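K.L.:
The structure follows.
The values are calculated or read from the model by the stated rules, or taken from the named source; none is laboratory data. Treat the numbers as computed from the prediction; the structure is a model and nothing was measured. No Cβ is skipped: glycine too gets one built from the backbone with ideal geometry, and neighbour counts run over all protein chains shown.
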Amino acid sequence: METLTYPEMQRILMEELRLMHYPIAIKYFFDQAELDAFKAKGNYYLPAKALTFCQAEIGARMEGITVLMGKEQLGCGNAKCVFGWKEIDEAEIKGHLKYVRDMEQAERFVRSKPRLKQPLLSVVVSPLADAPFSPDTVHFYCDNMQAYHLVVDWMAARDIHPLRPNMTMNSAACAGNVFAFNSGEANVFLACSGSYNAGKTERGEINVSIPGADIGLVVARLLERKAATGGASVTRVGHPFPGADICKNCPLIVFKKVEAPAVAD
C-alpha cells in the first residue's frame with residue numbers, strides 16, 4: 001500500500017470511524033534548533049492566557065488550529081509535573097488528597113505518573129491533517145466503539161495483545177500521551193476530573209493515544225479490513241462503521257403488557 005499523507009489519514013479516520021473531533025497530532029520539542037525551525041514557519045497560535053494542556057487541545061480537535069505551549073503558557077500543575085516543568089512538591093501531593101487515603105498514598109501515586117525523560121522546551125498540538133511535523137503521539141477523543149476500533153487495529157498492526165493501558169488519578173490527557181510516547185505503545189484512558197470539566201469532555205469521550213510512528217499502520221490496517229470485508233466495522237463485519245445499531249437478538253427483546261384481571265361486579 002502506498003504511503004498516505006497526514007491529510008489522507010485524517011480524512012479516512014474521520015469518515016470511516018465517524019469521529020466528532022479531529023485526531024490531535026502532538027509534538028514534544030526537546031531540541032532548540034528544531035523548535036526554532038517550527039516557529040520560523042509561522043502558522044500557529046499561542047494561548048492568550050495560561051491554559052491546561054487539555055484546554056489547549058480544544059484548539060486542535062475542535063477549532064482545527066495548531067497551538068504551541070511553552071512553560072509560560074501552561075497553567076496546570078499536573079501537566080507541568082508530567083512535562084518536567086515543575087518538581088513534585090508538597091502542594092502537588094496535597095492536591096491529590098481528595099482522591100486517596102492519606103499523604104503517603106498521595107505521594108506514591110503522584111510519583112508513579114508517567115513523566116517525560118528529557119528536558120522539554122515546548123509542546124505543540126495540531127489537527128493531524130495540518131501537522132507540519134512527524135507527531136510523537138496522535139490523541140483521539142472518541143466514543144467507546146471508536147476507541148475499540150482504533151485499539152483493535154493497533155494491536156493487529158503491531159502484533160501486540162493484550163493492550164495494557166495506563167491511567168492515572170488526574171493528568172489524563174497530559175500523562176496519558178506521555179505514557180504512549182515513553183512506552184511506544186497505544187494507550188486508552190478515561191477523562192480525569194480536570195479534563196472532564198476544563199478540557200470539555202462532558203459527552204463522556206474516551207481517550208486513545210497512538211504512538212505517532214504507528215498511526216500510518218493503524219490507518220493501513222483499517223483499509224485492509226475494509227478491502228477484505230467490504231466495510232470498516234468489526235462489530236458487524238462487512239458493514240460501514242458503525243453498521244446497523246441494533247442488538248443481535250433484537251427479535252427476542254419484545255415486551256408484552258399484562259393487563260390486570262377483570263374484577264367482577
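K.L.:
Would you check which residues across segment 75-111 are touching a helix residue (DSSP H, G or I) at 6+ places or on another chain (Cβ under 6 Å) and among the aliphatic types (A, V, I, L, M) and list them?
P.N.:
Within segment 75-111, 79, 82, 88, 93, 97, 100, 106, 110 qualify.
K.L.:
Any chance you could count how many residues in segment 41-53 are at pLDDT 95 or above and not in a loop (DSSP other than H, G, I, E, B)?
P.N.:
3
K.L.:
Could I ask something else about it? What's the number of the condition residue 15 fails, among (1) within 20 Å of the chain's Cα centre (by Cα); (2) without any contact (Cβ under 8 Å) to a residue 40 or more places away in the chain; (3) more than 26 Å from residue 204 (Cβ to Cβ)?
P.N.:
Going through (1) within 20 Å of the chain's Cα centre (by Cα); (2) without any contact (Cβ under 8 Å) to a residue 40 or more places away in the chain; (3) more than 26 Å from residue 204 (Cβ to Cβ) one by one, residue 15 breaks only (3).
K.L.:
Further question on the same structure: Can you tell me which residue is surrounded by the fewest Cβ atoms within 10 Å (Cβ to Cβ) among those in segment 208-244 that are touching a helix residue (DSSP H, G or I) at 6+ places or on another chain (Cβ under 9 Å) and of a type in the set (Gly, Ala, Ser)?
P.N.:
238
K.L.:
Something else now. Could you say which residue among 35, 13, 68, 19 is part of a strand (DSSP E or B) and either surrounded by 14 or more Cβ atoms within 10 Å (Cβ to Cβ) or out of contact with any Ser or Thr (no Cβ under 6 Å at 6 or more places or on another chain) (or both)?
P.N.:
Within the list 35, 13, 68, 19, the selection yields 68.
K.L.:
For segment 143-177, give me each residue that is under 28 Å from residue 98 (Cβ atoms), assigned to a helix (DSSP H, G or I) and of a type outside the set (S, T, N, Q).
P.N.:
Passing the criteria: 147, 172, 173, 174, 175, 176.
K.L.:
Which one of the conditions (1) closer than 13 Å to residue 127 by Cα; (2) buried (at least 18 other Cβ atoms within 10 Å of the Cβ); (3) not hydrophobic (A, V, I, L, M, F, W, C) does residue 28 fail to meet, given that it meets all the rest?
P.N.:
(1)
K.L.:
Select from segment 87-127 the residues that are without any contact (Cβ under 8 Å) to a residue 12 or more places away in the chain and part of a helix (DSSP H, G or I) and list them in ascending order.
P.N.:
Selection gives 90, 97, 98, 103, 104, 105, 108.
K.L.:
Which one is surrounded by the fewest Cβ atoms within 10 Å (Cβ to Cβ) among residues in segment 178-207 that are touching a Pro at 6+ places or on another chain (Cβ under 9 Å) and part of a helix (DSSP H, G or I)?
P.N.:
For segment 178-207, the residue satisfying everything is 183.
K.L.:
Further, regarding this structure: Between a first residue in segment 231-256 that is among the charged types (D, E, K, R) and a second residue that is in a loop (DSSP other than H, G, I, E, B), which pairs have beta carbons less than 8 Å apart while being 6 or more apart in sequence or on different chains?
P.N.:
236/242; 236/243; 236/244
K.L.:
Give the residue, chosen from 59, 84, that is closer than 22 Å to residue 191 by Cα and part of a loop (DSSP other than H, G, I, E, B).
P.N.:
84
K.L.:
Could you grab the pairs with beta carbons closer than 9 Å, sequence gap of 6+ or different chains, first residue in segment 20-43 and without any contact (Cβ under 8 Å) to a residue 24 or more places away in the chain, second one part of a loop (DSSP other than H, G, I, E, B)?
P.N.:
As it stands, the answer is 34/121; 34/133, since those pairs meet every condition given.
K.L.:
Next question, about the same structure. Quick one: which of 193, 183 is modelled with pLDDT under 95 and within 26 Å of residue 93 (Cα to Cα)?
P.N.:
193
K.L.:
Are any residues in segment 164-181 in contact with an Asp or Glu (Cβ under 9 Å, 6 or more places away or on another chain) and hydrophobic (A, V, I, L, M, F, W, C), and if so, which ones?
P.N.:
173, 179, 180, 181, listed by residue number.
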